[in-house]
1. Give, in nm to one decimal, the length gained when the segment between residue 137 and residue 72 is fully stretched (0.36 nm per residue of separation minus the Cα-Cα distance).
2. What is the distance in Å between the Cα centres of segment 129-179 and segment 1-47?
3. Running a GNM on the chain with Cα contacts under 10 Å, which residue among 158, 188, 68 ends up with the highest mean-square fluctuation?
4. Once you have the Cα-Cα distance between residue 124 and residue 10, take 0.36 nm times their residue separation minus that, and quote the gain in nm to one decimal.
5. Which order, highest average first, do 23-31, 111-119 follow once you tally other Cβ atoms within 10 Å for each residue and take the mean per peptide?
6. Could you work out the percent of alpha carbon pairs in segment 2-224 separated by over 27 Å, rounded to a whole number?
7. Per residue of the chain, what 222 nm ellipticity follows from adding -39500 (n - 2.57) for every DSSP H run with n ≥ 4, rounded to the nearest 500?
8. Hey, fewest Cβ within 10 Å first, where do 142, 195, 106 land in order?
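What follows is calculated from the coordinates using simple rules that are stated; it is not laboratory data. In this text the structure is predicted, and so the values were computed from the model without any measurement. Because the Cβ atoms are built from the backbone with ideal geometry, glycine has one as well, and the counts that use them run over all protein chains shown.
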């Protein structure tokens, strides 16, 4: 269970002040697929960043499995994020000159996983996204779809309970994007991963169990499969 309680976030000061989020509250059941929906500049990515501990709100609570992550010190937040959360971004953010295996290994190193256990976890993650045959390739030699699958393998290698995906198909053609969507929802259903997708794609959002609509930093509507269509 993820509980977001009365979250507000302001960037800048005085004349440059920008209210990114205002008194945002909702809860997400464990294992749900959720779309955070809104136009560019609505606050979607800021909300993802504060929910995951990448940024800190000015007020409110972020409670994940009964733990308020805002009470954790920076190192503890980093470790929690490495062990419990996976990230997938529109721009892939893979290390181009590193091998596929080394890219997937990075979260394991951050999470302080024993070296002896890393190889098995890397192999399992790459097999799940059908990239095991590319394990020794440089990331820069992969296609766009393969890079996004690599990013997914990296996100799930620690078997996190939560995966955040920020416009995960935004840089892909429609056919490749459909495959990535299928892969994400398969992980959600098969592994009971809580999947949170930041998107402006209404068709993708409709595939989720729950949709959180945000506009100008405020939640305007929350609907669920069966009551939002």
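1. Details: separation 65, 0.36 × 65 = 23.40 nm, distance 3.80 nm.
So the extension gain works out to 19.6 nm.
2. That distance is 26 Å.
3. 68
4. 36.9 nm
5. Numbers: 23-31: 15.7, 111-119: 11.6.
Highest mean packing first, the order is 23-31, 111-119.
6. On the way: 8069 of 24753 pairs.
Distances greater than 27 Å cover 33 percent of the Cα pairs.
7. Calculated from helices alone, the mean residue ellipticity at 222 nm is -11000 deg cm²/dmol.
8. Least to most surrounded, the residues fall as 106, 142, 195.
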